[in-house]
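Here's the structure we're looking at; comments come further down.
The values are calculated or read from the model by the stated rules, or taken from the named source; none is laboratory data. Given the structure is predicted, the values throughout are model-derived calculations rather than measurements. With ideal geometry, Cβ positions are generated from the backbone for all residues, glycine too; neighbour counts draw on all protein chains shown.
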Amino acid sequence: MRIADIPRAVRGIELDSQTRCTHYHSELDVIAIKMRCCQVFYACKDCHETLAGHAIETWPHSMWDQKAILCGSCGHELSISEYMASGYTCPACNSGFNPGCRNHYHFYFADADESIAADQAL
Ligand SMILES: [Zn+2]
Ligand SMILES: [Zn+2]
Ligand SMILES: [Zn+2]
């Protein structure tokens, strides 16, 4: 499967038709994430690191309304807030997302827990 076959331009290493890459390729690893630094969808941060040639920039909580998550199963784009509230299921096609991604949020989203806590304190 070539990158051109994917509905939207997603970059990654050994990308399949549902945006799985060489690093994350379980049944549930179907999302791609748009990187703040280059506004390009990548399958994962490791693909970005190898292919982009620059350091990843995280999304601050104030920008979580950006459509930065792509469901590789159906091509639906979610905002970061929608993704966080999705319960690891695509609202458009009901594909399951990998709950283990939660452990990697800090690579993509600035201080996920701290931002929410700060909001509630205001
Ligand atoms: Zn980048
Ligand atoms: Zn990857
Ligand atoms: Zn979907």
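Couple of notes before you dig in:
- C47 vs. criteria assigned to a loop (DSSP other than H, G, I, E, B), free of Cβ contacts under 8 Å to residues at least 40 places away in the same chain and within 12 Å of ligand 1 (Cβ to nearest atom): no
- The residues listed here are R36, R20; of these, the one that is crowded, with 21+ Cβ neighbours inside 10 Å, among the charged types (D, E, K, R) and modelled with pLDDT of 95 or more is R20.
- For the range 54-79, taking the residues that are within 16 Å of ligand 3 (Cβ to nearest atom) and closer than 16 Å to F109 by Cα, the one that is surrounded by the most Cβ atoms within 10 Å (Cβ to Cβ) is identified as L70.
- Of all residue pairs spaced 6 or more apart or on separate chains, those with beta-carbon atoms under 9 Å, a first member in the range 71-87 that is free of Cβ contacts under 8 Å to residues at least 12 places away in the same chain and at negative phi and a second member that is within 16 Å of ligand 2 (Cβ to nearest atom) and in a loop (DSSP other than H, G, I, E, B) are S86/F97.
- Within the range 44-80, the set of residues being aliphatic (A, V, I, L, M), out of contact with any Phe, Trp or Tyr (no Cβ under 7 Å at 6 or more places or on another chain) and under 21 Å from S17 (Cβ atoms) comprises L51, L78.
- Test: residue in the range 11-22 that is assigned to a strand (DSSP E or B) and within 16 Å of ligand 2 (Cβ to nearest atom): yes
- Residue match in the range 40-53 (condition: out of contact with any Lys or Arg (no Cβ under 6 Å at 6 or more places or on another chain) and away from ligand 2 (no atom under 16 Å from the Cβ)): no
- None of Y42, Y83, Y88 is at pLDDT 95 or above, within 16 Å of ligand 1 (Cβ to nearest atom) and not aliphatic (A, V, I, L, M) except Y42.
- Summed over the range 1-15, residues that are at pLDDT 95 or above and either over 18 Å from K45 (Cβ atoms) or basic (K, R) (or both) total 1.
- Qualifying residue in the range 90-105 (condition: touching a residue at least 40 places away in the same chain (Cβ under 8 Å), within 16 Å of ligand 2 (Cβ to nearest atom) and buried (at least 18 other Cβ atoms within 10 Å of the Cβ)): yes
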